[in-house]
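Heads up: the structure comes next, in structure tokens.
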Amino acid sequence: MTITDNAPPDTDVGRAGPPRSRRLSSPLALTLTLLTAVLAQSPIRGALGTPLMQSWTTVFVAVTVQALPFLVLGVLLSAAIAVFVPASFFARALPRRPALAVPVAGVAGAVLPGCECASVPVAGALVRRGVTPAAALAFLLSAPAINPVVLTATAVAFPGHPEMVLARFLASLLVACAMGWLWQRLGRTDWLRTPAHGAHEGATKGEAFWGAVRHDVMHAGGFLVLGATAAATLKAVVPADWLRTAAGTPLVSVLALAVLAVLLSICSEADAFVAASLTQFSPTAKLVFLVVGPMIDLKLFAMQAGTFGRGFALRFAPATFALAVAGAVLTGAVLL
């Protein structure tokens, strides 16, 4: 018997190989999930009908539904600016003196909406095009915190409290400028790696825009769900006495919400609704949550390390955290 060349290349003639493993396809996984949900609908319905789960669901849905329109609007605007506004525009608009360029770049964040996911690439493009790093870093910190979408969302989340909107604007701008000036004074060129070209450079503007939108919606939407879940769990599961004890001690309440902002990594267009749901905490502690989150959290640390280098992130993140907490506390003591 002759073995011809027509035999399949991966066939081992004369020796039985192990059976190939069958991969679980997406339609099959979805079918199994739906079948499991149908079979377990009675226990699920019973669990969701308990007062604890009803309270959890109410808070989760309220936070998510309120925040989602602002998140989508912010993602669309930030993608449009990142794609259609050339970074050279910022280089031409900023003063040549770094000490003056820092506050101008900080104020520019108020008129150029951008979430955290967009501000890091834009800041990287600014540095790559010769903008002084101090001004680029001031823009990086201010744009997600004081843009019109974020301030409008804050006003909706805290109705009847315009002082919270003003406090968030002033504290965030103060911290952004302070970090820019601090970098101008103490920063070293070897701490900051020149960023590589952006992920969407080379694509058409339409492709880059929709690619940025898809990335930011999936990225920010996941963190919104995480933040709403945490807020609902704090309200429904954590004993009220514990929250009152933590909220009753100013230092503990401030540090607790500052750390929570870092861990939750909520998009700045949605974080005001999570902060407003933490009713046990003081306005100053909520302000700390709103100022710290857009400037330094887990996803921002990873993005800053990937764009500017790990050495930069390890120095920049702790300094930003400390200044954000101090700036929010001082602003809250005056305005709230």
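None of the figures in this text is laboratory data; all of them are computed from the coordinates on show. Quantities reported herein were computed from a predicted structural model and do not represent experimental measurements. Positions of Cβ are backbone-derived with ideal geometry, glycine not excepted, and every protein chain shown enters the neighbour counts.
Highest mean first, the peptides 233-241, 262-270, 173-181, 100-108 sorted by other C-beta atoms within 10 Å per residue fall in the order 262-270, 173-181, 100-108, 233-241. From the alpha carbon centroid of region 271-336 to that of region 168-189 is 13 Å.
This model, with +1 at the C-beta of Lys and Arg and -1 at the C-beta of Asp and Glu, gives region 216-320 a dipole about its Cα centre of some 200 debye.
Rounded to the nearest Hz, the phi-derived 3J(HN,Hα) couplings of region 233-245 under the Karplus curve 6.51 cos²θ - 1.76 cosθ + 1.60 (θ = phi - 60°) are 5, 4, 6, 9, 9, 5, x, 4, 5, 5, 5, 5, 5, where x marks glycine and proline.
Karplus-based coupling profile of region 323-331, in residue order and whole Hz: 5, 5, 5, 5, x, 5, 5, 5, 5, with θ = phi - 60° in 6.51 cos²θ - 1.76 cosθ + 1.60 and x standing for Gly or Pro.
Couplings 3J(HN,Hα) for region 181-191, derived from phi with the Karplus relation 6.51 cos²θ - 1.76 cosθ + 1.60 (θ = phi - 60°), are 5, 5, 5, 4, 7, 10, x, 10, 5, 6, 7 Hz, where x marks Gly and Pro. Computed packing ranks the peptides 305-318, 276-289 as 276-289, 305-318, most packed first, by mean other Cβ atoms within 10 Å.
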